[in-house]
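Right, one structure below, let's go through it.
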Amino acid sequence: MLDFVVKRSLQVIIVVFLALTAVFFLIRLSGDPTALFLPPDTSREQIEEYREILGFNRPLYVQYGEFVGNAIQGDFGQSLRSGESALGLVLARLPATFQLAFSALFISLLISIPLGVLAAYKRNSIFDRIAVAATVVGQAIPSFWLGLLLIYTFAVSFSLLPSSGGGSIVHLILPSVTLATYSIARFTRFTRSTMLDVLRKDYIRTAKASGAPTGSLVLKYALKNSLIPIITLVALDLGTLLGGAVVVEMVFAWPGVGRLLLQSLLNRDFPIVLAGVFIIAFIYSIVNFIADILYAYVNPQIRVK
Amino acid sequence: MTNLLEVNNLNICFRNGKSITQPIRNVNFTVRSGEILGIVGESGCGKSVTSLAVMGLLPPKSSEITKGEIIFNEQHIEKMSEKQLQNIRGNEVSMIFQEPMTSLNPVFTIGQQLMEPLKQHKSLTKVQRKERIIEVLKQVGIPRAEQIIDEYPHQLSGGMRQRVMISLALLCEPKLLIADEPTTALDVTIQAQILELLKRIIAETNMSMMLITHDLGVIAEMCHRVVVMYAGSVVEEASVEELFDNPLHPYTKGLLKSLPSQNERKSALYSIAGQVPRPNELGQGCAFANRCEFATERCLTAAPPVFSVAQHKAKCWLLDETVGGVFSE
Ligand SMILES: Nc1ncnc2c1ncn2[C@@H]1O[C@H](COP(=O)(O)OP(=O)(O)OP(=O)(O)O)[C@@H](O)[C@H]1O
Ligand code: SF4
Ligand SMILES: [Mg+2]
């Protein structure tokens, strides 16, 4: 177990390091930040002066070395605009993103697992066919488009729900439903196909031959076996869900990390971008780490090894 | 002896999309109480389908019993609702499957899995259930029964798993145990142990067993009577001694000839030439005609009925009155 934790921790560090390195060089390729936030009539000398103050005139590898050195100590520098701590700004937005992502996850699990189980159980029925068709649509709809559609329907036409902003449960409804739609469709399909697969297994036939009633075959035996792949998929998708939050945050002006990242990218506020990438990569790896532990918990074959 | 199980004129069809196959045609046999009936035949002849039908475990949507009856303990299995079947399965009839490696659920402990039939069929307290489980595990020769119940299937060897499967089948003391090739997947030495165990259990209890195999050696070792199946039909039925001493059907003769002990000195084992016809390739005549060295014109045009000579039955024109068979259907 200790071996496992050490190995996985190393992996987390490598993943985060690679993500930061890639983003660092990519944003530098896109150009110099100073020109963007200084007024257009700034003279060349003033620009040069700024570049010197901010250190952008030095060779890229020197800047990279300095960035890595500071990052290891948890220092991602200050926002080029406001001068506040970049990491602090990102962390302040984190709860909102989590709130959105986890509400969406909660909604998707609540709907997709029962739906997938039922569809598998009633395989090829009208219900199953409708469910499968709905999942195809659900996976195909782009989230920004769905977001706009929901805003138009519930906020504009019927004035039932607020279209943007954060701060209350009511504000959370439309963005989390938007974000959840894709996962609902994906998890439903996956639960259905996994259940169908498990229901064909020899050990289900054994349970049936022991007189187990259909209800416990499906809900107790088959579902527990299906949970292993389902948990894996859900955990892997958590990262995607956090990423998907970025788009949804833009549509609904939800005050999370995604929105901050996008704004900072447009403003070339590099320290914030890097701090944001760090946080997202870090959380993504940790989430997968936890997923592996959970996976080991439900799968005794791995637990023992 | 009374008949515990009677399978009369059983016909089973499978539907796959638009195509319909009929792997079981007019199957008749009986299992008497306390006996071990062997069912032998090549792969694909319908042994497993027949035994699943007795358990009421055929896939409900894609298969159908088109004709015939399965009478177990005076109840019609083929007419039972799923609910009624659940009350019988694991309780009055149990089944052991061929694949011990995949027949136990990997995410439940042995104990949890053995609880199921007891919960389902017996009103016992938790403590009594555990006692019963340990008792049966010991009966099937599992050492450390108390520890095993908390272990998972992957921690056990194939032979141990098959013993667990047997104990699962025995928990509620069924009247009939169906063992579908219970040892095919195991090492030779383990095979012998498991067969010995089954034989001992049948002798100690009042249980009957339907032992399915394609190994005549196992039949000789274990069974009282034998049913030989070919291409979805029963072609011969007799007591073990009678079948080995005096096989009547050319297919049975071929099977016996291919036993290693009878042609040890030959370099290659004898095997029956040709292929078993698939269910959809069966024509008018005898299903074995394309491989039979005694086939006549009549065999190709008309399927033989079942003839009997005393307690011995065979489905072959060779037993026509001229040889002394009596048309028994
Ligand atoms: N679910 C099914 N759907 C369609 N056809 C099936 C199904 N199960 C079995 N069959 C067919 O029924 C026939 C008999 O199969 P069965 O499994 O009973 O053979 P078997 O005698 O048990 O052979 P083996 O020794 O290989 O186990 C085969 O032709 C098989 O293809
Ligand atoms: S009926 Fe004819 S073909 Fe069939 S087994 Fe008998 S002799 Fe052979
Ligand atoms: Mg079989």
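Name the single residue, out of those in the range B:202-214 being within 16 Å of ligand 1 (Cβ to nearest atom) and either under 14 Å from residue B:177 (Cβ atoms) or surrounded by 19 or more Cβ atoms within 10 Å (Cβ to Cβ) (or both), that is modelled with the lowest pLDDT. Can you show your working first?
Going residue by residue through the range B:202-214, those that are within 16 Å of ligand 1 (Cβ to nearest atom) are B:210-214.
Now drop any that are not either under 14 Å from residue B:177 (Cβ atoms) or surrounded by 19 or more Cβ atoms within 10 Å (Cβ to Cβ) (or both), which leaves B:210-213.
Details: B:210: 97, B:211: 97, B:212: 96, B:213: 92.
It comes out as B:213.
Only one of (1) more than 10 Å from every other protein chain (Cβ to nearest Cβ); (2) under 21 Å from residue B:31 (Cβ atoms) fails for residue B:90. Which number is that?
(1)
Kindly list the number of the only condition in (1) more than 10 Å from every other protein chain (Cβ to nearest Cβ); (2) touching a Lys or Arg at 6+ places or on another chain (Cβ under 8 Å) that fails for residue B:101.
So the condition that residue B:101 fails would be (1).
So if I check each of B:77, B:71, which one is aliphatic (A, V, I, L, M), within 17 Å of residue A:211 (Cβ to Cβ) and away from chain A (no Cβ under 13 Å)? Before you say what the answer is, go through the steps one by one.
On the way: B:71 fails: within 17 Å of residue A:211 (Cβ to Cβ).
Criteria check complete, one pass: B:77.
In the range A:129-158, which residue that is polar (S, T, N, Q) and under 25 Å from residue A:243 (Cβ atoms) is surrounded by the fewest Cβ atoms within 10 Å (Cβ to Cβ)?
Top of the filtered list is A:139.
Among B:24, B:88, B:39, which is the only one that is modelled with pLDDT under 95 and among the aliphatic types (A, V, I, L, M)? Explain how you work it out, then say what you get.
Values: B:88 fails: modelled with pLDDT under 95; B:39 fails: modelled with pLDDT under 95.
Among B:24, B:88, B:39, only B:24 is modelled with pLDDT under 95 and among the aliphatic types (A, V, I, L, M).
What pairs come out if I take residues in the range A:210-221 that are more than 9 Å from chain B (Cβ to nearest Cβ) and pair them with residues that are surrounded by fewer than 22 Cβ atoms within 10 Å (Cβ to Cβ) whose C-beta lies under 7 Å away, six or more apart or interchain?
Matching pairs, first to second residue: A:217/A:204; A:218/A:117; A:218/A:121.
Pick from the range B:13-58 the residues that are away from chain A (no Cβ under 14 Å), under 23 Å from residue A:210 (Cα atoms) and touching a helix residue (DSSP H, G or I) at 6+ places or on another chain (Cβ under 6 Å): which of them is farthest from ligand 2 (Cβ to nearest atom)?
Selected residue: B:36.
Taking the criterion of being touching a residue at least 40 places away in the same chain (Cβ under 8 Å) and assigned by TED's automatic domain parsing to the domain that holds residue B:178, would at least one residue in the range B:296-304 satisfy it?
no
Looking at residue A:159 and the list (1) touching a residue at least 24 places away in the same chain (Cβ under 8 Å); (2) outside any helix (DSSP H, G or I); (3) farther than 21 Å from residue A:263 by Cβ, which single condition is not satisfied?
Result: residue A:159 passes all but (1).
Give B:137, B:168 a once-over and let me know the one that is within 14 Å of another protein chain (Cβ to nearest Cβ), crowded, with 21+ Cβ neighbours inside 10 Å and among the hydrophobic types (A, V, I, L, M, F, W, C).
The unique qualifying residue is B:168.
The values are calculated or read from the model by the stated rules, or taken from the named source; none is laboratory data. Note that the structure is predicted; figures quoted are calculated from it, not measured. A quick note on method: Cβ atoms are made from the backbone with ideal geometry, for glycine too, and the neighbour counts reach across all protein chains shown.
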